[in-house]
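To keep things clear, I will list the structure first and then write my remarks on it.
Just so you know, all these numbers are worked out from the coordinates, no wet-lab data involved. Predicted model, so just to flag it, every value in this text is computed and none were measured.
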Amino acid sequence: MVNIAKPNGNGLSHNKFSELNVGQQGLILNNATRATQSTQLGGIILGNANLQGQAAGLILNEVTGGNPSQL
């Protein structure tokens, strides 16, 4: 699970990774503002404190490393 970055004033959460790989089990991008959130993939998860009550309208994941991502 990735607790995404707090969105900017336009609702964009810009997340930077040197490497990003997703296994067969999948990956949750946590955009939950409540204390807990029910998900299909991970069951009940804790809310993302980074968001400070404001969910992202758009999530940008930027991978800056030289290795290819395995998705």
Taking the Cα atoms of the stretch 6-56 alone, what are Rg (to one decimal) and Dmax (as a whole number) in Å?
12.2, 34
Remind me, relative contact order of the chain in percent, using alpha carbon pairs under 8 angstrom and six or more residues apart?
45 percent
